[in-house]
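Worksheet for the structure shown next.
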Amino acid sequence: MLQKDAIIIGAGFAGLYMLHRLRGLGMDVQVFEAGDGVGGTWYWNRYPGARCDVPSLEYSYSFSEDLQREWAWSERYASQPEILRYLDHVADRFDLRRDIAFRTRVTSAAFDDGWTVETSQGERVTARYLIAAVGCLASAPRVPDLPMFHGATHHTGRWPHEGVDLAGKRVAVIGTGSSGIQAIPEIAQVAEHVTVFQRTANFSVPARNGPMDPAYEKWFKDNHGEIRAGMRATHSGLMTTPNPDSALSAGPEARLSAFEERWERGGIAFLGSFSDLLVSEEANTAAADFVRGKIRATVTESRVAEKLTPYDHPIGSKRICVDTGYYATFNRPNVRLADLRTAPLEEFTRYGVRTTAGEHPVDVIVFATGFDALTGPLLNIDIRGKGGLPLRDKWAAGPKTYLGLMSAGFPNLFTITGPGSPSVLSNMIVSIEQHVDWIAGCLAHLDGRTIDADPAAEDAWGAHVAEVAGYTLFPRADSWYMGANVPGKPRVFLPYVGGVGLYRARCEEVAATGYAGFTI
Ligand code: NAP
């Protein structure tokens, strides 16, 4: 049986950087990757319009000054193909591919002093340390099986690499989260007809994407060190500075102008218009009303505008969407909104989609129905800790982690951006680099010894994660942050909302005090 110092699961942003760091420690490492290339979420999510909603320069590695200097982003928000090219470049530049086994899914992992993993290729490999760089979403898409349907079906997170020719086709899109909202305007431009099946209306803000401004790029690169240090200390890991003022203390005119200014600027920074949008219902309503007004002003048919307008959750309590022409797409003659609240979905027939209002004949069905977020990518692997305890059993009532980095009873298993860490509420690259650096520091400190989280520290951290979420409006939404999108999944607020700056300080303090809360 092959023996390694460490095994990394996944070759996306997290796995690639983790491999690079562990090589720097002189470790012999094996990476397993289910895809036939690097990229993780950017390898799988190739649907039309797939694009990052964090500005390109901020959504890139900071660990290498040379990499940063030599790579040029073409747009303010990078498209999926460009991010994938970047990650391919990183893999080549740091000679990472030679330690990655592609087309190889880790199916199980069991602890007995060290870890033994089994793969879809029938291999068994052991290692002292196991690092799950499985991402938060992409490895666990929710794909229904429709044997009856005559045409093609595609999940946005499993889009065929050769693309899908939708020209002249009647297309159904199910789902209006970030993926659907990006894909729908693109699909509408080529398809003969698009029917958008919406269960819950979502808030979306314009991206205002455009070509990269060379002067801005130069400024960013010249001041890289200072800018990156600043980003690491913020709440979100982004560069934009939230307005520290309260929406409630601003007068109506000042409030409107702050919303308008951020709306014109574009992107998720809209939620930083004021400091209290995600903690005060009244402040949140002001922001939500502003966006509702924009939807009404954009969509010409008032009945359609009303259906597209969200009322059932505070703005930002579900991941805010960022779009290019989403609402205006509903003014096109070839686009129709099917509201599943008034006419629920009954079944997929041979020729289309039937709701209680009748059948919609279509040629292609696009599922933009999301993912079993945060826990799904880990629990899809049969992971067994001390005494053979399955992680699925330990997490039956929701994930239990210490700092989102480890789970007690699963020694030497690290989870990059795991549940209980800022992860999906932050700029993922900032959070990934922070976890990778922390884990590399920890492994250097361990020097081959075993580490496990203390159950008491884990319970205290879980209580803290829940308590902080309770101060916010996040738990008010039926979101994937709460596990609410997967039937039967426990309702637990999964990421840590305390912010990357505070979280980083906490992790650094734990390391500096001899890994308090862990047993070595
Ligand atoms: P999502 O946010 O979970 O949205 C899924 C959509 O499908 C929702 O509208 C949901 O409706 C609907 N849906 C699910 N099951 C359904 C069913 N059985 N019948 C009808 N409708 C159903 O998934 P996503 O859009 O793939 O986005 C997931 C996350 O990935 C995002 O929040 C974001 O963090 C990330 N992402 C980022 C970007 C970007 O960087 N720009 C792009 C795409 C994705 P309900 O709301 O009623 O459940």
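Across the stretch 288-319, the number of residues qualifying as aliphatic (A, V, I, L, M) and within 22 Å of residue 482 (Cα to Cα) comes to 2. The residue of the stretch 213-271 that is farthest from the chain's Cα centre (by Cα), among those that are surrounded by fewer than 13 Cβ atoms within 10 Å (Cβ to Cβ) and charged (D, E, K, R), is 253. Within the stretch 93-114, the set of residues being open to solvent by 60 Å² or more (accessible area, probe 1.4 Å), on the phi < 0 side of the Ramachandran plot and more than 25 Å from the chain's Cα centre (by Cα) comprises 93, 98, 112.
When restricted to residues that are touching a Ser or Thr at 6+ places or on another chain (Cβ under 9 Å) and closer than 16 Å to residue 164 by Cβ, the stretch 190-215 contains 1.
Rundown of residues vs (1) on the phi > 0 side of the Ramachandran plot; (2) of a type in the set (Ser, Thr, Tyr), yes/no style:
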site: 10; (1), (2): yes, no
site: 27; (1), (2): no, no
site: 32; (1), (2): no, no
site: 43; (1), (2): no, yes
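Taking strands (runs of 3 or more DSSP E) as the structural unit, those lying wholly within the stretch 297-416 and holding at least 2 residues that are open to solvent by 10 Å² or more (accessible area, probe 1.4 Å) and either within 13 Å of the ligand (Cβ to nearest atom) or of a type in the set (Phe, Trp, Tyr) (or both) correspond to 321-323, 335-339, 345-348. Taken over the stretch 199-238, the residue count meeting the criterion of being β-branched (Val, Ile, Thr), farther than 30 Å from residue 298 by Cβ and in contact with a Gly (Cβ under 8 Å, 6 or more places away or on another chain) is 1.
Taking the stretch 43-65 as the range and being at pLDDT 95 or above, more than 10 Å from the ligand (Cβ to nearest atom) and open to solvent by 20 Å² or more (accessible area, probe 1.4 Å) as the test, the residues that pass are 44, 46, 48, 55, 63.
Contact map, the stretch 197-217: residues that are of a type in the set (Val, Ile, Thr) paired with residues that are away from the ligand (no atom under 13 Å from the Cβ), Cβ distance under 6 Å, separation 6+ or inter-chain. Pairs shown: 205/270. Given the conditions (1) open to solvent by 10 Å² or more (accessible area, probe 1.4 Å); (2) under 10 Å from residue 101 (Cα atoms); (3) assigned to a loop (DSSP other than H, G, I, E, B), which single one is not true for residue 26? It fails just one condition, (2). Residue 428 falls short on exactly one of the conditions (1) under 17 Å from the mean Cα position of the chain (by Cα); (2) of a type in the set (A, V, I, L, M, F, W, C); (3) open to solvent by less than 10 Å² (accessible area, probe 1.4 Å), and that condition is (3). For residue 127, state whether it is crowded, with 20+ Cβ neighbours inside 10 Å and within 16 Å of the ligand (Cβ to nearest atom). No, not satisfied. The set of residues in the stretch 72-100 being of a type outside the set (Ser, Thr, Tyr), more than 19 Å from residue 21 (Cβ to Cβ) and away from the ligand (no atom under 16 Å from the Cβ) consists of 72, 85, 88. When you scan the stretch 132-155, how many residues do you find that are modelled with pLDDT of 90 or more, within 11 Å of the ligand (Cβ to nearest atom) and part of a loop (DSSP other than H, G, I, E, B)? Going through the stretch 132-155 one residue at a time, the tally reaches 2. With respect to the stated conditions, residue 12 fails to be surrounded by fewer than 24 Cβ atoms within 10 Å (Cβ to Cβ) and more than 28 Å from residue 189 (Cα to Cα).
Restricting the stretch 448-471 to residues that are assigned to a loop (DSSP other than H, G, I, E, B) and either of a type in the set (Phe, Trp, Tyr) or surrounded by 18 or more Cβ atoms within 10 Å (Cβ to Cβ) (or both) leaves a set whose member that is farthest from the ligand (Cβ to nearest atom) is 451.
The values are calculated or read from the model by the stated rules, or taken from the named source; none is laboratory data. All figures in this text were calculated on a predicted structure; none of them were measured in a lab. A quick note on method: Cβ atoms are made from the backbone with ideal geometry, for glycine too, and the neighbour counts reach across all protein chains shown. All accessible areas refer to the heavy atoms of the entire protein, side chains included, with ligands and DNA or RNA removed. Shrake-Rupley method; radii C 1.70, N 1.55, O 1.52, S 1.80 Å.
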